[in-house]
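Right, one structure below, let's go through it.
The values are calculated or read from the model by the stated rules, or taken from the named source; none is laboratory data. The shown structure was predicted, so the numbers you read here are calculated from the model rather than taken from an experiment. Every residue, glycine as well, gets a Cβ built from its backbone with ideal geometry; the counts of neighbours run over all protein chains shown.
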């Protein structure tokens, strides 16, 4: 059974090694998540460590799913910091370990991040993914709207340029921006 929990800044720091393992697995299994093969654990850990200030500052929320204590998936929500963009956020680094795929975990992680976005006042979510990928299917069947495809946008782990699909999901009806008191 998978449990999904948001990482505090302290938990995030203590989890970097395990998050790096998951990132290496994603790249090794061909996921287009921003890195080229060969991709090692040190490089993955360094990338996660670079996210620590945003996690500590609250602009990046990170969840992990665990099965018997082992991280099987993660998702992050990047909250917009500009005053005119506080109504939107970006889904980043949704990854599920290859041995945990096909069990609805990506949808559960997405639902968690979507609810957190609403709780944070963000009702418009954005993301991008490789066109034709399994991830794209998850978004297309999960209520997301593809608003464009950019040819040759990013390299797959082997360096081959791939098309990228850009998606949005409106969580509530749009309303006016409000200012914080």
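Here are the numbers for the structure shown:
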read-out	value
Filtered residue count, the range 106-123, keeping only those that are at positive phi and modelled with pLDDT of 95 or more	0
Check on residue 103, at pLDDT below 95 and more than 16 Å from residue 21 (Cα to Cα)	yes
Residues of the range 6-20 satisfying the condition of being in a helix (DSSP H, G or I) and in contact (Cβ under 8 Å) with a residue 12 or more places away in the chain	9, 12, 13, 15, 16, 17, 18, 19, 20
Exclusive hit being modelled with pLDDT under 95 and either in contact with a strand residue (DSSP E or B) (Cβ under 7 Å, 6 or more places away or on another chain) or in a strand (DSSP E or B) (or both), set 3, 76	3
Any hit, the range 147-164, residues being closer than 17 Å to residue 106 by Cβ and in a strand (DSSP E or B)	no
Output for the range 121-133, where each listed residue is in a strand (DSSP E or B) and in contact (Cβ under 8 Å) with a residue 40 or more places away in the chain	124, 125, 126, 127, 129, 130
Lone qualifier among 23, 36 - being within 20 Å of residue 128 (Cα to Cα), in a helix (DSSP H, G or I) and either touching a strand residue (DSSP E or B) at 6+ places or on another chain (Cβ under 9 Å) or at pLDDT below 95 (or both)	23
Residue check for residue 141: closer than 22 Å to residue 102 by Cα and surrounded by 13 or more Cβ atoms within 10 Å (Cβ to Cβ)	no
Failed condition for residue 85, given (1) surrounded by 13 or more Cβ atoms within 10 Å (Cβ to Cβ); (2) touching a residue at least 12 places away in the same chain (Cβ under 8 Å); (3) over 17 Å from the mean Cα position of the chain (by Cα)	(2)
Residue list for the range 134-155, filter: more than 15 Å from the chain's Cα centre (by Cα), in contact (Cβ under 8 Å) with a residue 12 or more places away in the chain and farther than 14 Å from residue 169 by Cα	149, 150, 151, 153, 154, 155
In the range 124-137, residue surrounded by the most Cβ atoms within 10 Å (Cβ to Cβ) [restricted to those that are in contact with a helix residue (DSSP H, G or I) (Cβ under 9 Å, 6 or more places away or on another chain) and modelled with pLDDT under 95]	135
Yes/no for residue 67 being surrounded by fewer than 17 Cβ atoms within 10 Å (Cβ to Cβ), in contact with a strand residue (DSSP E or B) (Cβ under 6 Å, 6 or more places away or on another chain) and within 21 Å of residue 4 (Cα to Cα)	yes
Residues within the range 45-62 that are under 24 Å from residue 172 (Cα atoms) and buried (at least 19 other Cβ atoms within 10 Å of the Cβ), tallied	3
Residue in the range 57-71 that is in a helix (DSSP H, G or I) and within 18 Å of the chain's Cα centre (by Cα) present	yes
Any hit, the range 101-120, residues being assigned to a strand (DSSP E or B) and out of contact with any strand residue (DSSP E or B) (no Cβ under 7 Å at 6 or more places or on another chain)	no
